[in-house]
Amino acid sequence: MPVIIRDLSDEEAVAEMVDGNVQRENVLPSERAWAYRMYLEADKKRAGRPAKNSPKISANFRSDDEIGKSLGISGDTLRNYIQLTELRQELMDKVDAQEIGLSIAYQIAALTKDEQMLLLDAMEYSQNTPSLSQAQRLKKASKEGTLSLETMRDVLSKEKKAETEKLTFSTDAIRKYFPRSYTPKRMQETIIKLLEAWQKKRQRNHEL
């Protein structure tokens, strides 16, 4: 088997490994988050060694935005993914399984580990995962020091019902996607079948 042997420092080796891994297809959010964190830490360690002509060590450091750009993402995206590494494993597993969206995960990752444990309890109690607005409310309460299990249960049990109570489509809005002979009932049955096929495809992709 042909191989390429390169003399790299530990930090350079990490950077090479991360760069290769994040380019793979079907990279889990947890894998990407830890890869970016490793890359950032390796970059900071490497920058901590002053260049020969650099008057200050700080002059060697790149900003998160610069590091993100080198990875092909924004600085905000880099920071958000790294924030995910603060999630408890149980919550990270739900993110990987697409039970919790990334935008929501970024918010709840700001909770303390103890608060995240309470959140798992509240999710089990309400049989719900947080919506984005709920996650933002929990994050705000955490910052204010007012977040409790009772608050979490109340937020997840009551607010989400209003958000997901009803989803309707007018017949006129979707008629163009179906043959003229289709009745509203047949259109609904077709939509459900398509959604079921889409869900199965997502599950297969996750299992790969």
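Simple spin-label estimate for Trp198 and Asp96 gives 2.6 nm between the two label positions (7 Å along the Cα-to-Cβ direction from each Cα).
Taking all protein chains as shown and a probe of 1.4 angstrom, Tyr177 keeps an accessible surface of around 150 Å². Each of Phe178, Phe169 has its accessible area taken with a 1.4 Å probe; listed largest first, they run Phe169, Phe178. A Förster distance of 41 Å, applied to the separation of the beta-carbon atoms of Arg175 and Asp121, puts the FRET efficiency at 0.35.
Compared with the direct C-alpha span, the chain from Gln89 to Ser74 gains 2.9 nm at full extension, assuming 0.36 nm per residue. Accessible surface calculations at 1.4 Å, restricted to protein heavy atoms, place the range 67-180 at 60 Å² per residue. For the residue pairs Lys44/Lys69; Lys45/Lys94; Lys69/Lys200, alpha carbon separations beyond 25 Å are given by Lys45/Lys94; Lys69/Lys200.
Counting heavy atoms of the protein chains alone, Ser74 has an accessible area of about 60 Å² for a 1.4 Å probe. In the context of the full protein assembly, Ile191 retains an accessible surface of approximately 60 Å², using a probe radius of 1.4 Å and ignoring ligands and nucleic acids.
The values are calculated or read from the model by the stated rules, or taken from the named source; none is laboratory data. For clarity, every value in this text was computed on a predicted model and none was experimentally measured. We place every Cβ from the backbone using ideal geometry, glycine too, and count neighbours over all the protein chains shown. Each accessible area value is taken on the protein alone, full model and side chains, heavy atoms only, with ligands, DNA and RNA left out. Shrake-Rupley method; radii C 1.70, N 1.55, O 1.52, S 1.80 Å.
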